[in-house]
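For reference, the structure discussed in these notes is given below.
The values are calculated or read from the model by the stated rules, or taken from the named source; none is laboratory data. For clarity, every value in this text was computed on a predicted model and none was experimentally measured. Here Cβ is always computed from backbone atoms with ideal geometry, including for glycine, and neighbour counts include all displayed protein chains.
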Amino acid sequence: MNNTKTYSLSAKDIRKSWHVIDATGQTLGRLSTRVATLLMGKHKPTYSPHLDMGDFVIVVNAQKIRVTGKKLDDKIYYRHTGYMGGLKETALGDMLDRQPRRVIELSVRGMLPRNRLARHLLRHLKVYAGPDHPHEAQVNGRPQPLSPRPKPRSRRQPAAEAAPQPAATKRRARAGPT
């Protein structure tokens, strides 16, 4: 019989770090997925979905975020005041002008799981419209641009670099029982 035990991480074993991400020129959705991954801690080899494994994330220059297509006019954010007929609509373009940090917060919030842990994880997200933030003591260094993930290499070789293939040979038909 095998005497191996499953290693279960406890809250005291979790090490948290701080990430500063510059949102200048970054696409909103791609930035938000990377931030959500860092907040949940899925980038760590010891990830456990029921624990707060994630790191703290600071996003600067939120007002310089980029969106594709006609989303500035077409994407609508809805909220309700609680009164009759109190449904309010705000376009993404207006939201970026008035509250640029709220755009990133709502986008990341939609990418986190819908449970109590997500509300706790959102407290670890700090978004600032400009380049300055009050967390210099926690962070060493300047904001790093969001590095894109490496693209997986294609299994097929391009036609120009493909090795010459041997000439196709005809297969002989199998002789059946006669």
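Can you tell me which residue is surrounded by the most Cβ atoms within 10 Å (Cβ to Cβ) among those in the range 20-47 that are free of Cβ contacts under 8 Å to residues at least 40 places away in the same chain and not small (Gly, Ala, Ser)?
Keep residues of the range 20-47 that are free of Cβ contacts under 8 Å to residues at least 40 places away in the same chain, which gives 37-38, 41-47.
Then keep just the ones that are not small (Gly, Ala, Ser); that gives 37-38, 42-47.
Working: THR37: 15, LEU38: 22, LYS42: 12, HIS43: 13, LYS44: 16, PRO45: 4, THR46: 12, TYR47: 14.
My answer is LEU38.
If you take the residues of the range 1-19 that are touching a strand residue (DSSP E or B) at 6+ places or on another chain (Cβ under 8 Å) and of a type outside the set (Gly, Ala, Ser), which of them is surrounded by the most Cβ atoms within 10 Å (Cβ to Cβ)?
In the first step, residues of the range 1-19 are kept if they are touching a strand residue (DSSP E or B) at 6+ places or on another chain (Cβ under 8 Å); the result is 16-19.
Next, from what is left, pick out any that are of a type outside the set (Gly, Ala, Ser): 16, 18-19.
On the way: LYS16: 12, TRP18: 16, HIS19: 19.
Among residues in the range 1-19 that are touching a strand residue (DSSP E or B) at 6+ places or on another chain (Cβ under 8 Å) and of a type outside the set (Gly, Ala, Ser), the one surrounded by the most Cβ atoms within 10 Å (Cβ to Cβ) is HIS19.
Considering only residues that are closer than 17 Å to PHE56 by Cα and surrounded by fewer than 18 Cβ atoms within 10 Å (Cβ to Cβ), which ones fall in the range 114-123? Can you show your working first?
First, the residues of the range 114-123 that are closer than 17 Å to PHE56 by Cα: 117-123.
Correct list: LEU117, ALA118, ARG119, HIS120, LEU122, ARG123.
Of the conditions (1) exposed (fewer than 12 other Cβ atoms within 10 Å of the Cβ); (2) of a type outside the set (Ser, Thr, Tyr); (3) within 17 Å of the chain's Cα centre (by Cα), ASP73 fails just one. Which one is it?
Of everything listed in (1) exposed (fewer than 12 other Cβ atoms within 10 Å of the Cβ); (2) of a type outside the set (Ser, Thr, Tyr); (3) within 17 Å of the chain's Cα centre (by Cα), ASP73 misses just condition (3).
Working carefully through the options MET84, MET95, find the one that is surrounded by 10 or more Cβ atoms within 10 Å (Cβ to Cβ) and either at pLDDT 95 or above or in a loop (DSSP other than H, G, I, E, B) (or both).
Numbers: MET84 fails: surrounded by 10 or more Cβ atoms within 10 Å (Cβ to Cβ).
The unique qualifying residue is MET95.
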